[in-house]
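The values are calculated or read from the model by the stated rules, or taken from the named source; none is laboratory data. If you're wondering where the values come from, they're calculated on a predicted model, not measured in any experiment. For neighbour counting, all protein chains shown are included, and Cβ atoms are generated from backbone atoms with ideal geometry for every residue, glycine included.
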Amino acid sequence: MAQDHLIFHTNDRVVTSTSLGNQEKWFDAEKNLWYKVDNGHFEALAEAMASEVLRRFTNAAQLPGISVAHYWVDTADVHGLPQVLSVSENFKAGNESLITAHTILRNSLGRGYIQEFNDRNSLKERIVFLVDSVEAATGFSGFGAYFTTLLELDALFLNQDRHLNNIALLHTDFGCKPCPIFDCGASFLLDFNLYRPDIETRAFLSKAQCLPFKSSFTRTVHTAQSLYGKQLEVDFARSDIEPLLDAYLDYYPKQFRYLLKERVLTVLLAQKKKLF
C-alpha cells in the first residue's frame with residue numbers, strides 16, 4: 001500500500017466525475033496513478049478488496065489477454081480536509097485508448113441500439129446480441145469469454161454497477177484487446193443508503209441484480225457460461241481474506257469496521273459457495 005501523505009488543494013484539476021456523480025478524481029502523471037475520493041459509500045474498500053481477491057485467489061490474470069487493475073486505499077488532505085482515497089495504477093499505455101461497449105455499439109449500430117437490445121426476448125438472446133455486435137464492430141473474437149469473466153467476478157462480489165460504460169476494450173495499434181478488470185466500487189453491498197446497516201447482510205444477497213440485464217447474478221452467469229464456457233476459478237478461505245481486509249479497514253472509523261468486515265466476508269463466502 002502507498003504510505004506517502006498526499007495533499008490535494010482546491011486548485012488541483014478535477015478531471016472526471018464517476019457514476020455517483022460527486023466523486024472527485026485526479027490523475028498524477030508523474031506517478032502514473034489515479035486518485036478518487038471515497039465519499040462515504042466505501043468504494044475505495046470495495047475496489048481494493050476486489051483487486052486483491054482477483055489477483056491473489058483467482059485465475060483472472062492467467063486468462064488469455066486479461067489482467068487485473070491494481071487498486072489500494074490511501075488517505076490525503078483534499079481541499080484542506082482529511083479523506084480516504086481509492087488509488088489505482090493507470091493501465092493505459094501511450095498508444096492505447098479505452099473504448100466502451102456503449103461507444104462501440106452506438107458507433108456501429110446507431111443510437112437505436114438500445115431498442116434493438118431490448119427487443120430481444122430472452123436473457124440469452126440479449127447476451128448474444130451484445131457479444132456478437134461488439135465482436136463484429138471491433139474484430140476482437142474473444143469478447144464472449146471476457147464478458148463472461150466480468151459477469152462471474154461481478155457475481156462473486158455482487159458488483160451492481162457493471163454497465164455499458166465500464167465494459168470496455170483497449171484500442172491499440174494492433175487492434176482491440178480486453179481492458180484490465182476495473183471499476184468494482186459498487187461491490188459487497190457497502191452502500192448503506194441501499195443496504196441498511198441494521199439489516200442482516202444475508203437478507204440482501206438474493207436482491208442484488210446484475211447489470212446491464214437487470215436479472216439475477218446466478219441466472220446471468222449460468223446463461224453466459226452456457227454460451228462461452230466457465231472462465232473464472234476461485235480458491236480462498238476466510239483466513240485468507242481477513243488479514244487483507246483488516247489492513248484496509250484501518251483506514252476507516254472504528255465504528256464502521258465490524259459491519260464492513262461482516263459485509264465483505266459474508267458476500268465473498270456466500271457467493272463463492274453458491275457459484276464456484
**Request:** Counting only residues that are loosely packed, with under 15 Cβ neighbours inside 10 Å and in contact with a Pro (Cβ under 7 Å, 6 or more places away or on another chain), give me the strands (runs of 3 or more DSSP E) lying completely in the stretch 32-146 with at least 3 of them.
**Result:** none
**Request:** Can you run down the residue pairs with Cβ atoms below 8 Å, 6 or more apart or on separate chains, where the first is in the stretch 248-268 and over 18 Å from Asn159 (Cα atoms) and the partner is charged (D, E, K, R) and surrounded by 13 or more Cβ atoms within 10 Å (Cβ to Cβ)?
**Result:** Leu249/Arg257; Leu249/Lys261; Tyr251/Asp74
**Prompt:** Quick check, is Gln83 farther than 29 Å from Lys207 by Cβ and of a type in the set (S, T, N, Q)?
**Reply:** yes
**Prompt:** For the stretch 189-205, does any single residue satisfy the condition of being among the β-branched types (Val, Ile, Thr), in contact (Cβ under 8 Å) with a residue 40 or more places away in the chain and touching a helix residue (DSSP H, G or I) at 6+ places or on another chain (Cβ under 6 Å)?
**Reply:** yes
**Request:** Have a look at Phe188, Phe236, Phe213 and point out the one that is in a loop (DSSP other than H, G, I, E, B), within 18 Å of the chain's Cα centre (by Cα) and surrounded by fewer than 20 Cβ atoms within 10 Å (Cβ to Cβ).
**Result:** Phe213
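Taking Gln23 as the residue in question, decide whether it is surrounded by 13 or more Cβ atoms within 10 Å (Cβ to Cβ), at pLDDT below 85, out of contact with any Phe, Trp or Tyr (no Cβ under 8 Å at 6 or more places or on another chain) and not in a strand (DSSP E or B).
On the way: surrounded by 13 or more Cβ atoms within 10 Å (Cβ to Cβ): yes; at pLDDT below 85: yes; out of contact with any Phe, Trp or Tyr (no Cβ under 8 Å at 6 or more places or on another chain): yes; not in a strand (DSSP E or B): yes.
Taking the combined requirement at face value, the residue satisfies it.
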**Asked** So, in the stretch 170-185, of the ones that are touching a residue at least 40 places away in the same chain (Cβ under 8 Å) and surrounded by fewer than 17 Cβ atoms within 10 Å (Cβ to Cβ), which residue ends up nearest to Val134 (Cα to Cα)?
**Response** Thr172
**Number of positions in the stretch 47-91 that are over 17 Å from Trp26 (Cβ atoms) and small (Gly, Ala, Ser)** = 7
**Fill in**
Those residues of the stretch 114-133 that are among the aromatic types (Phe, Trp, Tyr) and more than 24 Å from the chain's Cα centre (by Cα) come to a total of 0
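Test Leu85 against the stated conditions and say whether it is without any contact (Cβ under 8 Å) to a residue 40 or more places away in the chain and farther than 30 Å from Val131 by Cβ. Before you say what the answer is, go through the steps one by one.
Numbers: without any contact (Cβ under 8 Å) to a residue 40 or more places away in the chain: no; farther than 30 Å from Val131 by Cβ: yes.
Considered against the rule, which asks whether it is without any contact (Cβ under 8 Å) to a residue 40 or more places away in the chain and farther than 30 Å from Val131 by Cβ, Leu85 comes out as no.
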**Prompt:** Within the stretch 228-275, can you find the residues that are more than 22 Å from Glu43 (Cα to Cα) and either out of contact with any Ser or Thr (no Cβ under 9 Å at 6 or more places or on another chain) or basic (Lys, Arg) (or both)?
**Reply:** Lys230, Ala237, Ser239, Lys273, Lys274
